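Nothing in this text is a laboratory measurement; each read-out follows from the coordinates by a stated rule. Since the structure is predicted, the reported quantities are computational estimates derived from the model, not experimental observations. Using ideal geometry, Cβ is built from the backbone for each residue, glycine included, and neighbour counts are taken over all protein chains shown.
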Amino acid sequence: MAKPYKEGAGWAYRLRVGGQDIYRCGFKTEALARRDQEKVRLELTEGPAQTGLGPHRTSVGVAFSDYARQRLPYLKGAEQDARRINSYIRALGLPVVSLTPTELTHNGKRVYWQVVFVEEAQRTIPNSLTKHRAKQSGKSSASEKARKRLATMMMSDVTPHHIQQLINALRDEGKKSATIHLERSELRRLFKHASSVWQWKRAGGNPAGAELDMPAIDPGRDRVLTNDEWQRISEELVRYGNPYVAPLACLMLETTMRSGEQLVSLRWRDIDWIQRVIELPDAKSGTRKVPLGPGAIHVLSQMRAYAPSQPRPEDMVFPITYEAAKKAWAVARKRASVEDIKLHDLRHTSTTRFSVEFKGNVPVLMVITGHKTVQMLMRYVNHKATDVATMMHGEELDVEHAAAGYKASISAAWDKSLVALSSATQAASPSPAAEGTGAAAEPAAAVHDEQASSNVIKVDFAKRAA
């Protein structure tokens with residue numbers, strides 16, 4: 001093995017192992033160069049067989065390309081990962097990741113995406129946006145420089161110091177702490193994959209998993225919908241043209257389920273009416289069972305009873321898109337004059353409500369919400385100090401301003417609409433006398449129009465969903 005040699009003001013060495021030529025420089029002393037040389041030799045000769053060219057001949061950007069090809073097909077939320085990964089691949093001028101949804105299985109694992117690499121088309125910026133884009137680019141120039149440096153570095157050369165430089169640049173540019181933590185997590189997953197799957201061992205461990213100076217994590221949203229606000233919004237949801245948004249929101253409040261779980265995963269076959277649970281095979285955190293309380297059972301029973309035809313097991317319970325649900329919620333919230341409330345805040349609301357009803361029983365709440373850690377659960381329990389003071393004095397909470405569903409019906413407005421639908425349907429049916437005389441029955445649409453000005457809201461499940 002060649003000895004380290006003097007190079008400029010420092011020391012360097014060259015090493016050839018298994019056909020790989022390794023060159024390292026910049027060591028302050030000969031001893032440091034010799035120690036690193038021996039460490040690299042042991043990594044390449046005495047460890048398990050490595051995949052690919054190894055960490056000494058693979059840049060971070062190229063490693064991200066291979067990681068994306070192998071890992072992203074199995075990640076349900078891979079779209080966000082792809083955007084972050086592309087920022088490193090793009091820095092090398094390589095084809096970027098493009099995802100296409102699919103419903104396949106491979107070795108018993110669900111495949112969510114087909115991953116392909118495409119040449120990124122040159123974007124044409126209108127003259128009216130040139131100054132704006134230049135200003136935005138200038139704000140991120142430091143982080144882009146640090147990211148490009150990382151992308152071009154060999155995997156073996158990356159140290160926590162290099163990761164910290166990127167984190168500092170992002171923080172100086174005013175990026176949110178959640179954005180910075182996600183960037184660090186993407187790098188940490190890459191190096192973990194390289195170690196566990198590709199067998200690229202590093203004596204210094206995962207550079208993105210080391211102790212780094214990270215910004216404090218944002219406390220997150222703590223907005224909770226009150227019973228009064230829900231009553232106003234629910235009435236507007238029922239009035240909205242899409243018949244599925246009201247029961248969707250009702251079920252979210254009765255189960256703490258995420259909107260994506262209902263819209264993407266939930267099918268009629270997943271509902272176990274005997275055990276009173278929903279078996280989600282494809283939830284965000286994996287397979288889980290969602291317990292159904294009386295309110296949730298009522299919502300699902302009403303949907304099944306008022307469906308235009310008998311639902312098939314494979315049918316989606318809510319055949320609408322997430323974009324349609326978000327739009328309906330935004331319109332209803334605005335019409336109801338309720339400020340700063342998002343669809344996902346219903347999960348905060350129902351978790352807070354159940355924490356009161358079950359007296360803070362953490363194991364029970366984790367079964368209801370599906371959270372794997374107490375830390376994540378507590379981000380969704382958002383009690384107000386005034387409510388806590390009320391409970392400390394042994395007094396009852398003000399139901400009107402308590403979390404939606406606390407001692408109040410979630411589906412009251414929707415139930416009224418179903419009663420109106422049933423009445424309209426019966427009125428439209430021909431009576432025996434009419435059948436005998438040949439008189440035409442008034443169509444349901446006419447009944448609906450005639451009652452449109454009443455204070456009773458109608459819903460029609462036969463109407464096409466958005």
Which of the aspartates and glutamates could be linked to Lys416 by a straight reach, that is with a Cα gap under 15 Å, when you skip same-chain ones fewer than 8 residues away?
-> Glu235, Glu236, Asp460
Take the cross-link list Lys145/Lys326; Lys76/Lys407; Lys39/Lys148; Lys192/Lys359 and give me the ones stretching past 29 Å between alpha-carbons.
-> Lys145/Lys326; Lys76/Lys407; Lys192/Lys359
Around Lys384, what is the net charge, scoring Lys/Arg as +1 and Asp/Glu as -1 over all other residues with Cβ under 13 Å from its Cβ?
-> -1
Want the number for Gln275 to Ala307: 0.36 nm per residue separation, take away the alpha-carbon distance, what's left?
-> 9.2 nm
Note: Glu7 to Glu314 extended length (0.36 nm per residue) minus current alpha-carbon separation gives 103.6 nm
